[in-house]
Amino acid sequence: MIMAFLSSQPKRSMFQLNESDLMCKNACGFYGNPEWRGLCSQCFREYQKKAEASRSRHPLRGKETLTEQTTKHQTPPSVGSSTLSQTVSTVKTALSPFDKFVSKKKQQSERKTHTVKSIFAGAAPKDAEPEHARPTRQVSADVQHVVREFNEYLQTLPKPIASDIAKRIQTVANKLLDYSAVDYSIDELTKIAGNFYEEFSDRLTRNELFAGLDEASTTKIMDYAESYILIRSYKNLFCPPTTDDEDKDLQTQKQIRKLNWVTAQRLGATVDEMNPDVREHIDLAITDIIEIDTKKTVDAKLKCVVSCCRNIAQMLQLSGNGPPSADQFLPAVIYVVLKANPPRMQSNIKFITRFANPNRLRTGEAGYFFTNLCCALSFIESMDAKSLEMTEDEFQLYMSGEISSSSLHEQQAFMCDGLRQMNKNLQILNELKQRQARLDEKIKAEQELMEDFFASCMRKIQEGREKYPLIVKPRRQLPVFTFGPANNASKENIQDSLNPSWADS
Amino acid sequence: MERNTGGGGARPQSAGQGVGPSSGAPSQMFQFKLVLLGEAAVGKSSLVLRFVKGHYYEHQESTIGAAFLTQSVTVDNAIVKFEIWDTAGQERYHSLAPMYYRGAQASIIVYDITNPESFERAKTWVRELQRQASPNIVIALAGNKADLENQRKVEYEEGAKYADENGLIFLETSAKSSQNVTDVFSEVARKLPKSHSPADTRRNADAIQMNAAGQEENKKKCC
């Protein structure tokens, strides 16, 4: 009975709760129906009417925004198809992020083939096309930033110089943008950029117009020019669908994942990973190397490389090998790349080697560090038993994951923050213990000193006492004065001696 | 493009900027890329540190690293600024070396006089550079650790003879006692072309071509 009552209690309360929910959501006083979105028949009919009206307006608006996004290099006739593929991709997003990625990729290449077709269709629309496309282009924040900076810099230069530079850079930027949009081969695009750098820097050094500029300004102009022309067509130049960069990226990532057992020691670098400071620099280096992919200009990418390598150098220095030499440095870079498994590394490196001003990569600190990074990646790609100085069988066993190195566990454990903290605390505790021991020792020493002092004091007192013993001598008998005739006689004697004796004179 | 690097384009600059003795008179400044080759642990980095910082490795060293450093020397009233690229000497990294010496105008190949193997390695480096590097590259051979005379395994004459046959600069150095350290760099600086006459523009062209070839190689190698 009681059980039944208890169990019926929640049921009833739930039912009551439902009852209040049964009312129409519009609060018109009638009952609603879940099938009509909780509305009563009257209210639902009105709701439907409204929805229909808005739906007839919406699709149009939706199409407009979508086309804006996708017509970057699109000729007007193919707008319809691009919106279609866009909707297809949005349907697919529900499936998985990978499907979305694939469809996007497809869509990208579809779009390109469309434009190629339209170009073959007639020469006239080709010329008109970029003019149409450019105004509708969505300008990303990165582009705006670069353009703003460049413009600000140009304003500091004399007018004729600024306008000449702007004109030339604009021309080549547009050329690169148009060519890259129509599937020109990547080598040709590289050549366009390379020729531009060569001609432009030649012009800067030889043309009389620029005679007043010093070394620093010309370098700056070159850097800005590079950033500007590349960022305008970054999407087409970075990991373009005409190349197999993307496959290579995936391949490298897989390879690095397989090589997770490789330690710094195996590569020939001494990295003291138990040192928290060293650990911190490794983390910073890893962050820097991963950040390369988020930057959109060669300059920013190279800055990440430099920062990463500086952290590596510092890390090596802290590991206690003195100033790091290249014998240590390159292995450490390889190790950091393996630990970081940076996204789209191949694409990034290729983007830089293809389109950066070649002068930058051959000299200077950035050039040196970038070369090291290229070497590291090249080494990782071709890593085999010989390059790790181990037997083929052993290498295969490691690669297949059948054996794992014992230090791997330690490393991974060290990757965990909690464990790292624990290690740090243990270290601190150890230090405290040592200090405590030192303190104890000192206290003991101090105590001994005190005891010694006390003993020596006692000894001295003893000696003193022995040397100068306290002898209590018997009391001497004091003369006893008696009063009487004898006394008088002496008094007289004194008086006699005091008084001048007349008799003598 | 090549102004400050490729062919050593001249930039008037006051001599005070260089580390070498300032003559007071305005001298020209040239910049060259110098690559250090040699087996691991022959003392490449110590040599550079001695040259750049003027002292042998000490524990309180606070530099960022010896892998990439720059230093200038003054020869014949011109300042020569070296951009020194150190390389990893281990055998397994040997195949990556072309990426470093690409576009280098000078190279110092270091071996250890107490280690005959390192001398053999140095010889292979010489052959490789003569075959693959820029044709005008100035090569110096340095027998390091000359302070360890009692452990010497490679005779002075041996090194000198080899260098002579191959047209190399040869000096025995000691990073520890700083014997001949600056000299080896000065010798290289003296031998590097320091004119920007027609010959220079040709060198410029070389440098650009070389770079194009280098890019090709880079694509094959690392990407």
Net length gained if the chain between A:GLN253 and A:LYS424 were fully extended (0.36 nm per residue, minus Cα distance)
58.4 nm
Which value, in Å to one decimal place, does the Kirkwood hydrodynamic radius take for the stretch A:416-462 when every pair of different Cα atoms is included?
13.4 Å
Please compute the modelled spin-label separation between A:THR294 and A:GLU381, points set 7 Å along Cα→Cβ, answer in nm with one decimal.
2.7 nm
For the stretch A:142-248, averaging the sequence separation of alpha carbon pairs under 8 Å that lie six or more residues apart and dividing by its residue count, the contact order in percent is 44 percent
Number of partner chain Cβ atoms within 10 Å, mean per residue of A:376-388:
3
A:SER217 to A:MET274: FRET efficiency via 1/(1 + (r/R0)^6), r the Cβ-Cβ distance, R0 56 Å, to the nearest 0.05?
0.70
Simple SL model, points at 7 angstrom along Cα→Cβ for A:ARG476 and A:PHE30; separation in nm is 14.1 nm
Using the Cα gyration tensor of the stretch B:35-174, with a ≥ b ≥ c the square roots of its eigenvalues, what is the shape: rounded (a/c below 1.5), prolate (a/b larger than b/c) or oblate (neither)?
rounded
The correct ranking of B:GLU165, A:GLU215 by accessible area at 1.4 Å, largest first, is B:GLU165, A:GLU215
Give me the percent of accessible area attributable to carbon and sulfur for the stretch A:416-462, probe 1.4 angstrom.
59 percent
With every protein chain left in place, what is the accessible area per residue of the stretch A:141-237 in square angstrom, probe 1.4 Å?
49 Å²
Of B:LYS81/B:LYS161; A:LYS191/B:LYS194; A:LYS303/B:LYS191; A:LYS339/A:LYS424; B:LYS123/B:LYS191; A:LYS301/A:LYS339, which sit over 23 Å apart, Cα to Cα?
B:LYS81/B:LYS161; A:LYS191/B:LYS194; A:LYS303/B:LYS191
Expected unfolding gain across B:GLU128-B:GLU157 under the 0.36 nm per residue rule, minus the alpha-carbon gap, is 8.2 nm
Please give the residues from the stretch A:315-350 for which the solvent-accessible area of heavy atoms, probe 1.4 Å, is smaller by at least 50 Å² with all protein chains in place than with the chain isolated.
A:GLN317, A:PRO323, A:ALA326, A:ASP327, A:LEU330
Zero-based 10 Å bins, Cα pair distances in the stretch A:141-237, whole percents
15, 49, 29, 7, 0
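The values are calculated or read from the model by the stated rules, or taken from the named source; none is laboratory data. It should be emphasised that the depicted structure is a prediction, and the values quoted were computed from it without experimental measurement. For neighbour counting, all protein chains shown are included, and Cβ atoms are generated from backbone atoms with ideal geometry for every residue, glycine included. Accessible surface areas use protein heavy atoms only, side chains included; no ligands, DNA or RNA. Shrake-Rupley method; radii C 1.70, N 1.55, O 1.52, S 1.80 Å.
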